[in-house]
Amino acid sequence: MRSSERQLRFYWRKWKGAHKKPVPGRAYAKMPLQYRYPIKALYGPRIQDYLGDPAIIKTLTSMAGERLSKAMTHEVEYLLSQAGK
């Protein structure tokens, strides 16, 4: 795996146990795996794959339009209620 590929991945640390401060001078990389944080690479579809699909874009724009309309109605009602005080 090239370093450029490694930079594009997302990782999630999974830690079970007490959180302690690192000890200065201790070589954590040389310790057995059971004492180090287990890191698991997360994989999934690219966002470009989803946004390139016209059916998904159509659904997304309709849902976003409904949400925007609802939010704008709420904001206008709030502003009008504040002006009436």
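Structure data summary
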| read-out | value |
| --- | --- |
| Where labels lie 7 Å past Cα in the beta-carbon direction, separation of Lys40 and Ala83 in nm | 5.3 nm |
| Theoretical FRET efficiency, 1/(1+(r/R0)^6), r = Cβ-Cβ of Tyr28 and Asp49, R0 30 Å, to 0.05 | 0.20 |
| Inter-probe distance in nm under a simple model that places probes 7 Å from Cα toward Cβ, at Ile56 and Lys16 | 3.3 nm |
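Every read-out reported here was derived from the displayed coordinates using simple, explicitly stated rules and does not represent laboratory data. Quick caveat: nothing in here was measured; it's all calculated off a predicted structure. Cβ: placed from backbone, ideal geometry, glycine included. Neighbour counts: every protein chain shown.
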